[in-house]
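The values are calculated or read from the model by the stated rules, or taken from the named source; none is laboratory data. Since the structure is predicted, the reported quantities are computational estimates derived from the model, not experimental observations. Reconstructed Cβ throughout: ideal geometry from the backbone, glycine too, with neighbour counts over all protein chains shown. Remember, those area values only see protein heavy atoms, side chains included, never the ligands or the DNA or RNA. Shrake-Rupley method; radii C 1.70, N 1.55, O 1.52, S 1.80 Å.
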Amino acid sequence: MHSRFSTTHMHPNSQKVPNICIIRLSAIGDVCNAATIINRIRMQWYDATITWVCGTQEKALLEMIPNLNLIVYDKKAGFKGNRQVWQQLRGQSFDLLLHLQASFRASILTLGIKAKRRIGYHRSRAYEMQWLFTREHTKAPQGWHVVDNYQAFADYLGCPAAPVSWPFELPENAIANANEHLKNVPKPFIAICPGASKAYKNWHSDGYVTLIKALAQQNWPIVLVGSPADIEVKLAKRIENALDFHITNLVGRTSIAELVALLNQAQLLITPDTGPAHLAASQHTPVIGLYAHHNPERVGPYGYLDLAVSHWGQLIEQQTGKKPSQLPWRSRVKDAKAMQTITADEILAKIPQALEAAKTSAGSEPPNPSC
């Protein structure tokens with residue numbers, strides 16, 4: 001198993017210890033990336049009280065951060081969900097409110113949260129009128145990636161500069177359950193998360209079958225992972241049924257913590273634009289991301305952007321007639337068949353580079369599965 005967990009045991013700072021509220025409701029990948037500010041906050045204020053308002057699914061991920069108070073917002077409850085959050089926070093007043101979600105729904109939710117300072121995104125990234133709900137704003141992020149947006153909050157607060165890291169600590173039972181899932185899987189193995197919750201982001205089953213057959217010829221064991229979402233389960237089943245040899249299909253069979261523990265052990269992950277890409281990156285597991293609709297330089301797995309198989313640049317130029325550098329930050333390709341332009345050969349060509357990244361990540365040379 002890789003030893004990859006980021007420590008949160010930082011030295012205290014002499015400044016007054018604040019009471020901080022963070023709001024970032026969803027989704028799993030965004031919350032995972034937003035969590036990268038926790039270690040820097042702890043470097044500045046080791047004993048800070050931090051409360052995070054999150055969505056119901058994201059709670060399972062944030063539970064892996066020590067000393068974090070969680071308030072769950074249920075968006076399915078409508079405005080009643082807002083009142084439930086406000087009720088739980090009644091009587092509390094925060095020194096800092098870090099508004100990490102540029103959505104109107106999240107901004108409305110902040111109205112019932114008392115805070116002396118309310119900090120939001122720089123105007124260039126403050127979508128859906130977020131600037132109307134905050135009094136202070138970060139400076140323009142130094143980079144293009146969404147992680148840079150979050151790091152801008154730590155910069156604005158004067159937190160010490162530090163490499164991007166994640167504060168997750170895996171529960172022992174999650175590690176044990178992941179090991180149970182993998183007990184019949186030879187090591188090392190490659191994990192593939194074939195599906196995203198939004199169908200337009202998904203590659204096709206035929207492509208995955210071609211890819212897996214090629215990897216099997218190199219003696220790589222394959223483990224399919226993903227959420228219990230119906231679209232993901234059905235895609236994984238189509239892939240499994242099209243193969244004439246066994247692969248381990250764990251799609252929908254792991255908790256969030258178990259999935260992170262499993263990805264911690266994987267040699268690499270292959271996935272479209274979805275949450276597990278960022279969960280794997282948090283464990284320093286190399287990710288070959290598949291992109292056609294969104295710019296991986298903005299939303300790809302942090303630290304592994306050079307491994308992306310991306311057709312976004314050429315497709316967005318065809319769609320708009322402009323170079324990517326001339327386009328707004330969130331520009332998206334709107335061709336429903338965009339992902340089908342990716343080929344298995346492009347992914348296979350990234351495997352050697354990903355294995356080299358795995359060597360650096362693990363601190364030692366991984367075994368050769370072809371031997």
Checklist line | Distance (nanometres) between label positions extended 7 Å along Cα→Cβ at Phe245 and Arg83 | finding: 5.9
Item checked: Under the Karplus curve 6.51 cos²θ - 1.76 cosθ + 1.60, θ = phi - 60°, whole-Hz ³J(HN,Hα) for the range 114-120, x wherever Gly or Pro sits -> 7, 7, 6, 10, 10, 10, x
Check: Which percent of Cα-Cα pairs in the range 29-70 sits in each 5 Å bin, short to long?
Finding: 5, 21, 37, 23, 11, 3
Notebook entry, point to check: Can you tell which of His284, His181, His99 shows the greatest fluctuation in a Gaussian network model of the chain with Cα springs below 10 Å?
Noted result: His181
Next item on the list: Please grab the % of Cα pairs in the range 294-339 that end up more than 17 Å from each other.
Entry: 31
Item checked: Reciprocal mean inverse distance between Cα atoms of the range 219-371 - Kirkwood radius, Å -> 16.7
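If DNA, RNA and ligands are ignored and the probe is 1.4 Å, what is the ranking of Asp335, Asp95, Asp244 by accessible area, most exposed first?
Asp244, Asp335, Asp95
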Item checked: For the range 44-181: span of alpha carbons on each principal axis (Å, largest first) -> 49, 39, 28
Item checked: Computed lengthening from Ala161 to Ala27, 0.36 nm per intervening residue step minus Cα-Cα distance -> 45.6 nm
Check: Could you give the Stokes-Einstein D for the chain in µm² per second, using the C-alpha Kirkwood radius, 37 °C, 0.692 mPa s?
Finding: 153
Notebook entry, point to check: Quick one: if the Förster radius is 41 Å, what FRET efficiency do Ile231 and Arg90 give, using the C-beta to C-beta distance and rounding to 0.05?
Noted result: 0.55
Next item on the list: Over every pair of different alpha-carbon atoms in the range 100-249, take the mean of 1/r and invert it; report that Kirkwood radius in Å.
Entry: 19.5
Next item on the list: List the residues whose amide H sits under 5 Å from the amide H of Arg117, counting only those 5 or more places along or on another chain, with H placed 1.01 Å from N in the peptide plane.
Entry: Leu96, Leu97
Check: What FRET efficiency comes out for the pair Arg238/Lys75, r = Cβ-Cβ distance, R0 = 51 Å, nearest 0.05?
Finding: 0.95
Next item on the list: Apply the Karplus parameterisation 6.51 cos²θ - 1.76 cosθ + 1.60, with θ equal to phi minus 60°, to every residue of the range 94-111 and state each ³J(HN,Hα) to the nearest whole Hz, in sequence, with x for glycine and proline.
Entry: 9, 6, 9, 10, 9, 8, 9, 10, 8, 9, 5, 4, 5, 5, 4, 4, 5, 4
Check: With every protein chain present, what accessible area does His246 have (1.4 Å probe, heavy atoms only), rounded to the nearest 10 Å²?
Finding: 150
Margin query: Per 0.36 nm of contour for each residue apart, how much would the distance between Asn184 and Glu297 grow if the chain were fully extended, relative to their Cα-Cα spacing?
Written below: 37.0 nm
Item checked: Cα→Cβ-extended label distance, 7 Å offset, between Arg253 and Gln57, nm -> 2.1
Item checked: Kirkwood Rh in Å, taken over all unlike Cα pairs in the range 16-115 -> 13.6
Next item on the list: Find the relative contact order for the chain and round it to a whole percent, using C-alpha pairs within less than 8 Å whose residues are 6+ positions apart.
Entry: 15
Next item on the list: Note the full-extension length gain between Lys198 and Phe104 as 0.36 nm times their separation in residues minus their Cα-Cα distance, in nm to one decimal.
Entry: 31.7 nm
Next item on the list: Give a residue-ordered list of calculated ³J(HN,Hα) values for the range 241-255 (Karplus: 6.51 cos²θ - 1.76 cosθ + 1.60, θ = phi - 60°; whole Hz; x for Gly, Pro).
Entry: 5, 7, 9, 9, 9, 7, 10, 8, 9, 10, 4, x, 10, 10, 6
Note to self: Just to make sure I understand: if all protein chains stay in place, what is the order of Glu169, Glu63 by accessible area at 1.4 Å, largest first?
What the structure shows: Glu63, Glu169
Check: Any idea how far the Cα center of the range 63-139 sits from the one of the range 216-245, in Å?
Finding: 38
